Amino acid sequence: MESPPSHSLLFPLLIASTIATSTTRYTVPIPESMDVLETHRTLNEMAAQNPLSTVNARNGGWYILNHDGTVLAIATDSVCEELDASIEEAMRLYRLLREPDNEVSKSVAL
């Protein structure tokens, strides 16, 4: 017997939702009361609301901290991957800036 169409669509949506909100990277349990940033947009919104906040790599993921170090939220695995890539690119550019004879350092020196 085949499932009704609504049930056959519900399962993939639940799986996608679970993947999007996954926090499996973290090496310590995340309190249920903790705010979880599920998209890059929500990360940007929190940053706009808390202009002195920072992101900090901890316990395998990324924590968003208030200026006094209080944890405001954590990022989901997918947002963590975006932050990882951004930090990696920033570090790559920083290394290029330190090398005197490349296009990046020359363009900044002008």
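Coordinate-derived values only; no laboratory data. Please read these numbers as outputs of a predicted model, since none were measured by experiment. So basically every Cβ, Gly included, is an ideal-geometry build from the backbone, and we count neighbours across all protein chains shown.
In table form, for the structure just shown:
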| read-out | value |
| --- | --- |
| Dimensions in Å of the range 25-109 - Rg and Dmax from alpha carbons | 15.7, 51 |
| Cα centre as origin, Lys/Arg/Asp/Glu Cβ charges: the range 25-109 dipole, Debye | 260 |
